[in-house]
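> Let me begin by handing over the structure; questions about it come next.
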Amino acid sequence: MKFRMGIFGALVLMLLTVGAGAADSQWTNRITVGEYNMAWDYTESFSGNDSIIFRADIDREFGNNDNFVNAWELLKADKEIRMQFQRSIDKEFDVRINNESTGIQVVDIDSMLSPGIIGNIHSTDAVVNRYNVSYRRKDSIFNASSIWFLGQSNSPVTIILPPGMDVFNISGINNLTKKIDTQTELAGFFSPVSGDRGEITINFIKNTTSHAEPTLNATNVTNAAVTQPVKKVASAIRNAGILAAGLVIILLIYVFKVRKKQYR
């Protein structure tokens, strides 16, 4: 393999094919960026003759070359792939924030080779392998202004950015489509830089727009909503008090007249 396709290219073929012609694979990327973390999911697919080559490589490199891939050989391949992922990242980080990888930590590397690989190497059944690398960052992404990704050129990529991020410049994505809802989703293909190398740079700012009503208006509405019922209650109490006072006066006048007649 001419270029370190590493964790974003045909990594499996790179480590399995020794002196053999590598089969082409379809490699897709899905990157989900959070405020303090990020997940990069990869899906690698083989079919037809490519899947035969892939199975044969596993049998030769991790097995006894008996034209059959068993579970133990697949497990050894899976272990080696994880190690290759880690060494690849250690050699060159594939994510940079503000053009540096300082403060970015790889939390977990996971791989799930297709169970369908087990069996006769001459099977042309499709092989779908999945990989995942999880990252963590000490500082909030909103304190930065750019994020950079290193990937396999011409491979499809989808990038999901966190809510509250406004993107104002994108470079390195061919056939770009942009979807903005509660969050921004970018899709396209890694643009070639050199050989199999593709690089994407996204420049952004934090969205400071507030959709909440101004505090003054909210207070006025609240006061108006509360004041009107209070006024009605106060008016009712006042009217009731006047009525009660009137009844007491009438009663006193009546009692006074009755007593006056008795004394005559």
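> For LYS138 and GLN183 in the same chain, what is the full-extension length gain: residue separation times 0.36 nm, less their Cα-Cα distance, in nm?
Here the segment from LYS138 to GLN183 would lengthen by 14.0 nm.
> On to the next question. For a label point 7 Å from the Cα of LEU75 along Cα→C-beta, name the residues of region 115-130 whose backbone N is under 19 Å from it.
Answer for this model: 115-120.
> Considering only DSSP states other than H, G, I, E and B, which trypsin sites (Lys or Arg not before Pro) in region 90-192 qualify as loop sites with at most 14 other Cβ atoms within 10 Å?
Those that pass, being in a loop and sparsely packed, are LYS138.
> Something else about it: Give the ranking of SER171, SER88 by solvent-accessible surface, highest area first, calculated with a 1.4 Å probe.
SER171, SER88
> Another question, then. With a 1.4 Å probe and every protein chain left in place, work out the accessible area per residue of region 78-153 in Å², rounded to a whole number.
With the other protein chains kept in place, region 78-153 gives 49 Å² per residue.
> At 1.4 Å probe size, with the rest of the protein present, what percent of the exposed accessible area of region 49-200 is carbon and sulfur atoms?
Carbon and sulfur atoms account for 48 percent of the accessible area of region 49-200.
> Kindly sort THR158, THR32, THR184, THR177 by accessible area of their heavy atoms, largest first, with the probe set to 1.4 Å.
Largest to smallest exposure gives the sequence THR177, THR32, THR158, THR184.
> Be a star and scan region 150-167 for residues whose amide nitrogen sits under 17 Å from the point 7 Å along the Cα-to-Cβ vector of GLU92.
Residues 150-155 fall inside that zone.
> Separate question: Report the label-to-label distance for SER171 and ASN37 in nanometres (one decimal), using points 7 Å from each Cα along the Cα→Cβ vector.
Here the modelled spin labels are 3.2 nm apart.
> Can you compute the modelled spin-label distance between GLN105 and VAL193, with each label point 7 Å from Cα toward Cβ, in nm?
Between GLN105 and VAL193, the simple spin-label model gives 2.6 nm.
The values are calculated or read from the model by the stated rules, or taken from the named source; none is laboratory data. Just so you know, these numbers come straight off a predicted model, no measurement behind them. Cβ: placed from backbone, ideal geometry, glycine included. Neighbour counts: every protein chain shown. Keep in mind that these areas ignore ligands, DNA and RNA; they rest on the heavy atoms of the full protein, side chains included. Shrake-Rupley method; radii C 1.70, N 1.55, O 1.52, S 1.80 Å.
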